[in-house]
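Some notes on the structure that comes next.
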Amino acid sequence: MKLEPFVRVDETPFSASREEVLRMWGVPTRTCRNGIGLNELDYESIVFRFQDRGRLEEITMQAPVVNIGNVSVPFAALSSFVRATDPSVFERAGFLVSPVLGLAFDPAEPCWITALAAHCIDSWLAI
């Protein structure tokens, strides 16, 4: 995963609409509305979550390594990296959430990382 916090994941910007993601990625393996009311486009190794009005909220993908700027962090070292890098890090529902890096992940679920749009941090704080 190449993460530019709050801006893009790999080549997909957080400004992308549902229609743009469909053009870029094609027909998803599965679509659904998840338990927190977001609409998912699931491509198995990557999931895009949108609000009803179409704003991209989260991108979750399998990522054994996260590249942030010039730093490459293996998933096994991500918890310690996030805690050392972000003094505002917090835990919610088993996830470690970094407001500085714009990501959330469950350390017990290897390689699944969720990149967050900037406006999502308050929702995670409210959990």
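Within the stretch 25-34, is there a residue that is of a type in the set (D, E, K, R), open to solvent by 60 Å² or more (accessible area, probe 1.4 Å) and over 26 Å from ALA126 (Cα atoms)? Before you say what the answer is, go through the steps one by one.
Taking the stretch 25-34 first, the residues of a type in the set (D, E, K, R) are 30, 33.
Narrowing further to those that are open to solvent by 60 Å² or more (accessible area, probe 1.4 Å): 30, 33.
So of that shortlist, the ones also over 26 Å from ALA126 (Cα atoms) come out as 30.
Looking through the stretch 25-34, at least one residue is of a type in the set (D, E, K, R), open to solvent by 60 Å² or more (accessible area, probe 1.4 Å) and over 26 Å from ALA126 (Cα atoms).
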**Message:** Looking only at the stretch 13-54, how many residues end up being among the hydroxyl-bearing types (Ser, Thr, Tyr) and either in contact (Cβ under 8 Å) with a residue 60 or more places away in the chain or touching a strand residue (DSSP E or B) at 6+ places or on another chain (Cβ under 7 Å) (or both)?
**Reply:** 3
**Request:** Select from the stretch 4-24 the residues that are outside any loop (DSSP other than H, G, I, E, B) and among the hydrophobic types (A, V, I, L, M, F, W, C) and write down the one among them that is surrounded by the most Cβ atoms within 10 Å (Cβ to Cβ).
**Result:** VAL9
**Message:** So, in the stretch 112-126, exactly how many residues are among the small types (Gly, Ala, Ser), assigned to a helix (DSSP H, G or I) and within 13 Å of the chain's Cα centre (by Cα)?
**Reply:** 1
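The values are calculated or read from the model by the stated rules, or taken from the named source; none is laboratory data. Predicted, not measured: the structure shown is a model, and the values here were computed from it. Quick reminder, even Gly has a Cβ in these numbers, built from the backbone with ideal geometry, and neighbours come from all protein chains shown. Heavy atoms of the whole protein, side chains included, go into the accessibility calculation; ligands, DNA and RNA do not. Shrake-Rupley method; radii C 1.70, N 1.55, O 1.52, S 1.80 Å.
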